[in-house]
Amino acid sequence: SSHVISEVSARPRCVGSAMGAQTCTLRGVAEDEQAPSPASSSWRAYQGNRLVDRTRLEELFERTWELDRHEADAWTLRELDAISALTARGEALPAAAAHRLWRGVPDSWKALVWSAAACSGTKAASSDASSALERAVSSTFGQQVPRRFERCPSFDGLGHERRGDGDLVETVPFLDLLAPPGVVAAQKLLWCLSEAWRLRVERCPLLPGLVVLLLIFSPDEASAYATASAILTRAVGYLRDHAAAAEPEGRFAGDFPFLPLTAKGWRKLAVATVGLLKLRSPELHEHLLGLGVALEEVAERCLSRGLMQVLPFRAVCRAFGAFLAEGSEVFASLLVALWRHQRCGLLACGTAAEAERLLVPPSEEMIVQERARQRGTSLDEGAGSPTSFAINGAALDIDDLVDAGNGAALGIDDLVRFALGVELPTGSSGAETLGGATPKSIEMQEYSKDDESRVFCRPRLNGEPSRIVWDELWPYLWQWLPPLFRIRDPVVAFSAHRDGFALSTLMRRCDMVAPDVPMLLAAQVRTIGGVEAVVGVFMPAALRTTGGCYQDLAHYDVLGAFACDAYVFRVVGDAAQHSPPQVWHWSGYNALLVHAPRCNSNALVIGGDSLALCFGGDCVALSFDQALARGSTDASATFNSPPLLPAEGEEGGRSRENHCSVQYSIIALEVFELD
């Protein structure tokens, strides 16, 4: 079963509809059967749960059923059978399977998968859950178990007890999804946990939210209590195992605790998270400190409650699901990603109060939406300019977002993609420590060819060798891909030297590739000043003609592709001597990802320049003319990238604020399909 999970997690293949269009066993035998709708299938998981408010859950499900179906598509019944077998034996989930919780779990399978992730390796048999709860209730209340509670533990570290369900609402914003018996059950479990762990847990304000979440999706109180107890067991085990590893006050050497249980632990986690922000966005960190924002206090307030006050319910479910498997670093990564996404708005703030309103927004101003990917950002039909875009039909440019003081809305998958892109320090021996973080971007400060041998992710190279991408460059291009794409092999779909320097031929070759196959375009270019470089772009789906406007990103939704996986890159130099490879992923500021003409069209006139194929908008990141002879690059809002080539007389690229289009001639160009 462990082998099944590892193998299938590496490259999931959904057998029909994940909600039951086909039934697949561990032997791989499939039987067709009529599939209910995703909503009705997951809704049945609540029918026997007397603890939930069915009316409110039905409203929630009607609003978010598409997200539930999307999350179901990431799993197969074969995997669930394997997870059940592993859980029954008390074995730990493989890392690949645990990491899959970042992609979400449909409501009908949350109880199984969340329990397996939380109890991974703890030998917490589900058959003992009922007796464990009975013992806990007896130890806490004796023979007289209250039918209602006036107050319950808050785990805030101040000795406070929440008074009835009124104060619990302030702590858990989605408490209304529980029926009155469910609220009583939550209070009872919190009392039991407080009694059982009173000598271990000093402060853990996210526990009430965790208990409520578990009661919503678990089949009974005993299962919810077992999962919560397993999490606390792992947290205590982590603290015990790392007790000897003394660290300087206010620092984590790249190792986040599974779950802090003391006020000091939460403070250190907040310091580590702010250090991570400083490490990845030093300019933003400096600006917020200059405004007088108490970043560590704000971070601690968000982290200690599991981000419940900055994310909508469905995003909280995704965050807590990943947390059950990987611990508090999930919350730290999500918070840093959320703040970095709002960089433009935060940099435009002039006071600490304005900044804190963006850092911890009111519920009606949350930028994360309860859908997989945000579809509100789209181009008006026929608005072919790469320097403008629209949100909900209103034309805007990047300055409008800054003036609005907020980042573009995000879907939950978009936020997860950005969070997974927040690289965590890996140890204390290097320069990256989170308490006194030193700025370091993905383009390494000190670089040599020896660094190329330290990237351990690379493709299998078969068939025609590349004329452009040298051997040491492949690992960089591959580590920037989403994990599920790294198992694919690059195959040359178009080569200008083989097929001719013509955009029409390039597009015809791309049309021969299946629409859901990712593509990587690489070009060897030379500027007017004689600087040679390799630049390119990764597209999460096959390149297709878009006519007179940019690609509608709804096309990617149909294919199951993520626009936020797209990136542009550059390497100035050649195989013998070159600068550090650099990458910029899709920023989410606009939907101007790709603009491609029809094969038989003449060169398009865009922004005064005769350009045919454009990647990026609000100034184009990369462009190629009809003859594949010339192109240009500029600072692009789509990727938040500078010009990919240095202007004449410069050694490096300009910043985004200094728009300066750089012209280049094309020496060679190749397009790879990831087969």
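The residues of the range 536-568 that are of a type outside the set (A, V, I, L, M, F, W, C), assigned to a helix (DSSP H, G or I) and farther than 21 Å from Leu644 by Cα, listed by number, are His555, Tyr556, Asp557.
In the range 462-482, which residues are under 24 Å from the mean Cα position of the chain (by Cα) and either surrounded by fewer than 17 Cβ atoms within 10 Å (Cβ to Cβ) or part of a helix (DSSP H, G or I) (or both)? Result: Trp474, Pro475, Tyr476, Leu477, Trp478, Gln479, Pro482. Selection over the range 315-347 of residues that are of a type in the set (Lys, Arg) and surrounded by fewer than 24 Cβ atoms within 10 Å (Cβ to Cβ) gives a count of 2. Across the range 587-622, the number of residues qualifying as open to solvent by less than 30 Å² (accessible area, probe 1.4 Å), outside any loop (DSSP other than H, G, I, E, B) and either small (Gly, Ala, Ser) or at pLDDT below 80 (or both) comes to 2. Selection within the range 557-583: residues that are among the charged types (D, E, K, R) and within 19 Å of the chain's Cα centre (by Cα). The member of this set that is surrounded by the fewest Cβ atoms within 10 Å (Cβ to Cβ) is Asp557. Kindly indicate whether Asp451 is within 30 Å of Thr273 (Cα to Cα), among the acidic types (Asp, Glu) and at pLDDT below 90. Criteria met by Asp451.
For the range 483-494, a residue qualifies if it is touching a Cys at 6+ places or on another chain (Cβ under 9 Å) and either buried (at least 17 other Cβ atoms within 10 Å of the Cβ) or β-branched (Val, Ile, Thr) (or both), and the qualifying residues are Ala493, Phe494. Please determine, by comparing only the residues of the range 120-137 that are modelled with pLDDT of 85 or more and open to solvent by 70 Å² or more (accessible area, probe 1.4 Å), which one is farthest from Leu215 (Cα to Cα). So the residue we want is Arg135.
Residue pairs whose Cβ atoms lie under 7 Å apart, separated by 6 or more positions or on different chains, with the first residue in the range 220-243 and surrounded by fewer than 23 Cβ atoms within 10 Å (Cβ to Cβ) and the second charged (D, E, K, R) and not in a helix (DSSP H, G or I), are Val236/Arg200. Any idea which of (1) touching a residue at least 24 places away in the same chain (Cβ under 8 Å); (2) touching a Ser or Thr at 6+ places or on another chain (Cβ under 6 Å) is the one Asp499 doesn't satisfy? So Asp499 meets the others, but not (1). Contact map, the range 568-579: residues that are of a type in the set (Phe, Trp, Tyr) paired with residues that are at pLDDT 90 or above and open to solvent by less than 30 Å² (accessible area, probe 1.4 Å), Cβ distance under 6 Å, separation 6+ or inter-chain. Pairs shown: Phe569/Gly536; Phe569/Val583. For the range 163-173, the candidate set comprises residues that are modelled with pLDDT under 85 and hydrophobic (A, V, I, L, M, F, W, C); within that set, the residue that is most open to solvent (accessible area, probe 1.4 Å) is Val169. The residue of the range 623-639 that is modelled with the highest pLDDT, among those that are polar (S, T, N, Q) and within 23 Å of Asp511 (Cβ to Cβ), is Ser623. Taken together, the criteria place Ala554 among residues that are at pLDDT below 90 and either open to solvent by 20 Å² or more (accessible area, probe 1.4 Å) or closer than 25 Å to Val368 by Cβ (or both). Residues in the range 71-97 that are hydrophobic (A, V, I, L, M, F, W, C) and either free of Cβ contacts under 8 Å to residues at least 40 places away in the same chain or closer than 21 Å to Gly560 by Cα (or both): 10 in all. Output the residues belonging to the range 141-162 that are at pLDDT 70 or above and aliphatic (A, V, I, L, M). Matches in the range 141-162: Val145 only.
If you go through the range 641-668 and pick out every residue that is within 22 Å of Cys344 (Cβ to Cβ) and modelled with pLDDT of 90 or more, you end up with 4. For the range 506-521, the count of residues that are at pLDDT below 90 and touching a Phe, Trp or Tyr at 6+ places or on another chain (Cβ under 8 Å) is zero. Checked against (1) surrounded by fewer than 22 Cβ atoms within 10 Å (Cβ to Cβ); (2) touching a residue at least 24 places away in the same chain (Cβ under 8 Å); (3) of a type in the set (S, T, N, Q), Thr505 passes all but a single condition, namely (2). Among the residues making up the range 52-99, a single one is out of contact with any helix residue (DSSP H, G or I) (no Cβ under 9 Å at 6 or more places or on another chain), open to solvent by less than 60 Å² (accessible area, probe 1.4 Å) and either assigned to a loop (DSSP other than H, G, I, E, B) or charged (D, E, K, R) (or both): Gly90. Scanning the range 175-198 for any residue that is in a loop (DSSP other than H, G, I, E, B) and at pLDDT below 85 turns up at least one such residue. Of the residues making up the range 271-307, those that are in contact (Cβ under 8 Å) with a residue 24 or more places away in the chain, charged (D, E, K, R) and over 13 Å from Leu359 (Cβ atoms) are Lys278, Arg280, Glu283, Arg305.
Quick grid of which residues meet (1) among the small types (Gly, Ala, Ser); (2) open to solvent by less than 10 Å² (accessible area, probe 1.4 Å); (3) in contact with a helix residue (DSSP H, G or I) (Cβ under 8 Å, 6 or more places away or on another chain); (4) assigned to a loop (DSSP other than H, G, I, E, B):
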| site | (1), (2), (3), (4) |
| --- | --- |
| Arg509 | no, no, yes, no |
| Asp516 | no, no, yes, yes |
| Leu520 | no, yes, yes, no |
| Ala523 | yes, yes, no, no |
| Val534 | no, yes, yes, no |
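The values are calculated or read from the model by the stated rules, or taken from the named source; none is laboratory data. No experiment lies behind these values; they were computed from the predicted model shown. As a convention, Cβ positions derive from the backbone with ideal geometry for all residues, glycine included, and neighbour counts pool all protein chains shown. Protein only, heavy atoms only, side chains kept; ligands, DNA and RNA dropped before computing areas. Shrake-Rupley method; radii C 1.70, N 1.55, O 1.52, S 1.80 Å.
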